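To start, the structure under review is shown below, and the notes come after it.
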Amino acid sequence: MPNPFAMPGVWLRCALHAHSTASDGELRPGCLVRHYERAGFDVLAITDHWIRTDEPSTEHLLVIPSTELDARLPGSARRAHVLALGVDEAPSAPDSELPTLAETAEWVLAHGGVPFLAHPYWSGLRTHELERCKGLLGVEVYNAGCELETGRGLSSVHWDELLETGRRWLAIAVDDTHHPGFDSGFAWTWVRTPERAPSGVLRALREGACYSSTGPTVDALDIERPAVEVRCSPAERVTLVTGARRGASVAAGRLGYRHNGEILEHAANGSIVAARLVGPNDAPYARLEIRDADGRTAWTNPLWP
């Protein structure tokens, strides 16, 4: 996987799941654009259900025409939802049976888009139902709307289980806003791109040149497998997740627990701003989680292989 922190370009803060009055959101598309622009975002994907909402970009906010699609899981009564980011054509809602998850991902890719699985925990999906689905690039590791409504917004278990099978899924964090001001500005994805354009954002998402956050920032990352050195905003805990029963972690505080890692630098209040963690040599993958004193989290995408 690429290390976006070693790549040229700028970081853009992206809201990749948001609804307008074109489907079930409270703000008209133009008002939704202004809302996220005022909130300091750089990119907005309007993902109305079965509708490609194509709203003009502004001087400060790139708008990526997108949609959210329903799909069926063969042999299951459950439905999956798929973000179709940057598609060049409007979808057609089926008259009867929904397309399968794999067929939906195939349609998104065929129309120039980037397909991400939305809120699997909220949807009640099981990992084994996703293992054979080709085409999807990743998953929402965190969905703020689902967390606010039902406490089922965090899908890191789905992500880790798929990574352990060898699926190199990426992750994004999103608002999934329907009621801007109440369920917006809680989660976002940072993308690294040399060009401030929708094409650059979509390329970064395809290549994994991005990370997700509900608050913390990652300032620098150096990878020399199996060791990782990270510099970040003040954190209470930094964890290297490398598979079941293994990994590394450091915690702030006088009695902060440390496992296979060391704190390289503290902030004035004792928080962690730099750390080195070492995973096992044969770890199938590695990703970082950074949690601050308020419980907010940042997730890198897989650092290897």
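The values are calculated or read from the model by the stated rules, or taken from the named source; none is laboratory data. All of these numbers come straight from a predicted model, not from anything done at the bench. Cβ placement follows ideal geometry from the backbone for every residue including glycine, while neighbour counts extend to all protein chains displayed. Heads up: the accessible areas ignore ligands, DNA and RNA and are worked out on the full protein's heavy atoms, side chains in. Shrake-Rupley method; radii C 1.70, N 1.55, O 1.52, S 1.80 Å.
Criterion first (touching a Cys at 6+ places or on another chain (Cβ under 7 Å) and open to solvent by 70 Å² or more (accessible area, probe 1.4 Å)) does residue 219 satisfy it? Even if it seems obvious, please write down each step before you answer.
Values: touching a Cys at 6+ places or on another chain (Cβ under 7 Å): yes; open to solvent by 70 Å² or more (accessible area, probe 1.4 Å): yes.
Yes, satisfied.
Which of the residues that make up the range 6-25 are open to solvent by 40 Å² or more (accessible area, probe 1.4 Å) and either assigned to a helix (DSSP H, G or I) or touching a Leu at 6+ places or on another chain (Cβ under 9 Å) (or both)?
Residues satisfying the conditions are 6, 21.
Go through 147, 131 for me and flag whichever is of a type in the set (Asp, Glu), at negative phi, open to solvent by 20 Å² or more (accessible area, probe 1.4 Å) and under 18 Å from the mean Cα position of the chain (by Cα). Steps first, please.
Details: 131 fails: under 18 Å from the mean Cα position of the chain (by Cα).
None of the others qualify; the one that does is 147.
Any residue in the range 178-200 that is closer than 25 Å to residue 134 by Cβ and open to solvent by less than 40 Å² (accessible area, probe 1.4 Å)?
Yes, there is a match, as at least one residue in the range 178-200 is closer than 25 Å to residue 134 by Cβ and open to solvent by less than 40 Å² (accessible area, probe 1.4 Å).
For the list (1) within 25 Å of residue 143 (Cα to Cα); (2) open to solvent by 30 Å² or more (accessible area, probe 1.4 Å), I need the number of the one condition that residue 225 fails.
It fails just one condition, (1).
Report, by residue number, each residue of the range 152-205 that is within 30 Å of residue 28 (Cβ to Cβ) and among the basic types (Lys, Arg).
Once the filter is applied, which keeps residues that are within 30 Å of residue 28 (Cβ to Cβ) and among the basic types (Lys, Arg), the range 152-205 yields 152, 196, 203.
For the range 114-128, give me each residue that is within 22 Å of residue 300 (Cα to Cα), at pLDDT 95 or above and open to solvent by less than 30 Å² (accessible area, probe 1.4 Å).
Across the range 114-128, the qualifying residues are 114, 115, 116, 117, 118, 119, 120.
Could you list, in sequence order, all residues of the range 42-58 that are at pLDDT 95 or above and open to solvent by 10 Å² or more (accessible area, probe 1.4 Å)? Lay out the reasoning, then the answer.
Applying the first criterion (at pLDDT 95 or above) to the range 42-58 yields 42-52, 55-58.
Scanning the range 42-58 gives 42, 49, 50, 51, 52, 55, 56, 57, 58.
Across the range 239-281, which residue is farthest from residue 293 (Cα to Cα) among those that are among the polar types (S, T, N, Q) and surrounded by 14 or more Cβ atoms within 10 Å (Cβ to Cβ)?
Selected residue: 242.
For the subset of the range 73-101 comprising residues that are among the small types (Gly, Ala, Ser) and modelled with pLDDT under 95, which member is least open to solvent (accessible area, probe 1.4 Å)? Before the answer, list the steps.
Of the residues in the range 73-101, the ones among the small types (Gly, Ala, Ser) are 75-77, 80, 84, 86, 90, 92-93, 96.
Add one more test, that the residue is modelled with pLDDT under 95, and what stays is 75-77, 92-93, 96.
Numbers: 75: 95, 76: 36, 77: 110, 92: 99, 93: 62, 96: 104 Å².
Filtering first and then ranking leaves 76.
Condition check ((1) modelled with pLDDT under 95; (2) on the phi > 0 side of the Ramachandran plot; (3) among the β-branched types (Val, Ile, Thr)) across all residues:
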| position | (1), (2), (3) |
| --- | --- |
| 163 | no, no, no |
| 166 | yes, yes, no |
| 180 | no, no, no |
| 189 | no, no, yes |
| 201 | no, no, yes |
| 204 | no, no, no |
| 209 | no, no, no |
| 236 | no, no, no |
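Under 7 Å between Cβ atoms, at least 6 apart or on separate chains: pull out the pairs that start in the range 145-157 with a residue that is free of Cβ contacts under 8 Å to residues at least 40 places away in the same chain and end on any residue that is surrounded by 15 or more Cβ atoms within 10 Å (Cβ to Cβ) and small (Gly, Ala, Ser).
146/153; 147/153; 153/144
So if I check each of 84, 45, 118, which one is in contact (Cβ under 8 Å) with a residue 24 or more places away in the chain, closer than 16 Å to residue 158 by Cβ and within 18 Å of the chain's Cα centre (by Cα)? Full working, then the answer.
Values: 84 fails: closer than 16 Å to residue 158 by Cβ; 45 fails: closer than 16 Å to residue 158 by Cβ.
On inspection, the qualifying residue turns out to be 118.
Can we say residue 39 is over 16 Å from residue 56 (Cα atoms), surrounded by 15 or more Cβ atoms within 10 Å (Cβ to Cβ), of a type outside the set (S, T, N, Q) and in contact (Cβ under 8 Å) with a residue 60 or more places away in the chain? Please lay out each step first, then the result.
Numbers: over 16 Å from residue 56 (Cα atoms): yes; surrounded by 15 or more Cβ atoms within 10 Å (Cβ to Cβ): yes; of a type outside the set (S, T, N, Q): yes; in contact (Cβ under 8 Å) with a residue 60 or more places away in the chain: yes.
Taking the combined requirement at face value, the residue satisfies it.
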